[in-house]
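Colleague: My questions will all concern the structure given below.
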Amino acid sequence: MSDTARQKTLLLTGASRGIGHATVKYFSDRNWRVLTCSRLPFSDKCPWPGGAENHIEIDLADPQKTIEAIEVIRAKLPDGRLDALVNNAGISPKASDGGRLNTIETDLRTWGQVFHVNFFAPVVLARGLKAELQAAAGAVVNVTSIAGVRVHPFAGAAYSTSKAALAALTREMAHDFGPLGVRVNAIAPGEVETAILSPGTDKIVETLPLRRLGQPEEVASAIYFLCSSESSYVSGAEIEVNGAQHV
């Protein structure tokens, strides 16, 4: 099979809902094989082919288990190639009353858990699968957030700072992986319509230049662009997908 005819493979973390779920569907509809990583078992509600056998159950908050998962993932890449890694998994714990956890109130263990999932897991996965990404001249996409550049009314301090760190990591990785032929970029979503929208999001929408929520499929299409040959000379960039919320 020629390289042009070869089915490409995506590894995606945080696939069970929202942006991740939409991204799996978007790539699968374009004939990509998608390996999914989640702390939950594969759900039969996920409507894509080969989902169960292409799923890796892993808690990214546990650094040792994340490291151990590299071999499990590698075993699912028989040709030794990984065309895209999308680091989408992210957690943003709330206070007991559902409110935002700030820098004063966030427990140190919570800081650690958030950074393990949102920041360290992307480092471990990209570094652990470096050879497979290089073999495919692949792409890495880190999912950051509008909360990484401003105080957000719902996103906690640990989440926001982890996403700011992930944006900086994207630049560092683009520098380090570039000589291997691997591109590294980020997307920064804003207010996206998912099942877990926080109360009060409608007030934010009223201030957005586009005056509407983003759709998960709109974020997925931006991720696809950064993983495709259409962005072959784009690396070290962070694309805002937020209806001009950042301006």
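The values are calculated or read from the model by the stated rules, or taken from the named source; none is laboratory data. Nothing here was measured: the structure is a model prediction, and the numbers come from that model. Every residue, glycine among them, receives a Cβ derived from its backbone with ideal geometry; neighbour counts consider all protein chains shown.
Colleague: As an exercise: evaluate residue 78 against (1) surrounded by 13 or more Cβ atoms within 10 Å (Cβ to Cβ); (2) modelled with pLDDT under 95; (3) closer than 30 Å to residue 181 by Cβ and give the number of the one condition it does not meet.
Modeller: (1)
Colleague: Going residue by residue through region 213-228, is there one that turns out to be assigned to a loop (DSSP other than H, G, I, E, B), out of contact with any strand residue (DSSP E or B) (no Cβ under 6 Å at 6 or more places or on another chain) and modelled with pLDDT under 95? Spell out the reasoning first.
Modeller: Kept after step one, since they are assigned to a loop (DSSP other than H, G, I, E, B), are these residues of region 213-228: 213, 215, 228.
With out of contact with any strand residue (DSSP E or B) (no Cβ under 6 Å at 6 or more places or on another chain) added as a condition, the list becomes 213, 215, 228.
Still in the running and modelled with pLDDT under 95: 213, 215.
Yes, that holds for at least one residue.
Colleague: Which ones in region 140-159 are within 19 Å of residue 93 (Cβ to Cβ) and not in a loop (DSSP other than H, G, I, E, B)? Give the derivation first.
Modeller: We begin by selecting, within region 140-159, every residue within 19 Å of residue 93 (Cβ to Cβ); these are 143-148, 151-159.
Answer for region 140-159, where residues must be within 19 Å of residue 93 (Cβ to Cβ) and not in a loop (DSSP other than H, G, I, E, B): 143, 146, 147, 148, 157, 158, 159.
Colleague: Let me ask something else about it. For residue 11, all conditions in the list (1) modelled with pLDDT under 95; (2) under 24 Å from residue 139 (Cβ atoms) hold save one; what is the number of the exception?
Modeller: The failed condition is (1).
Colleague: Okay, moving on. Do we find that residue 122 is of a type outside the set (Phe, Trp, Tyr) and at pLDDT 95 or above in this structure?
Modeller: Working: of a type outside the set (Phe, Trp, Tyr): yes; at pLDDT 95 or above: yes.
Criteria met by residue 122.
Colleague: State all residues of region 168-199 that are under 14 Å from the mean Cα position of the chain (by Cα) and modelled with pLDDT of 95 or more; if no residue qualifies, say none.
Modeller: 169, 170, 184, 185, 186, 187
Colleague: Just one of (1) under 22 Å from residue 222 (Cα atoms); (2) among the aromatic types (Phe, Trp, Tyr); (3) modelled with pLDDT under 95 trips up residue 154, so point out which.
Modeller: (1)
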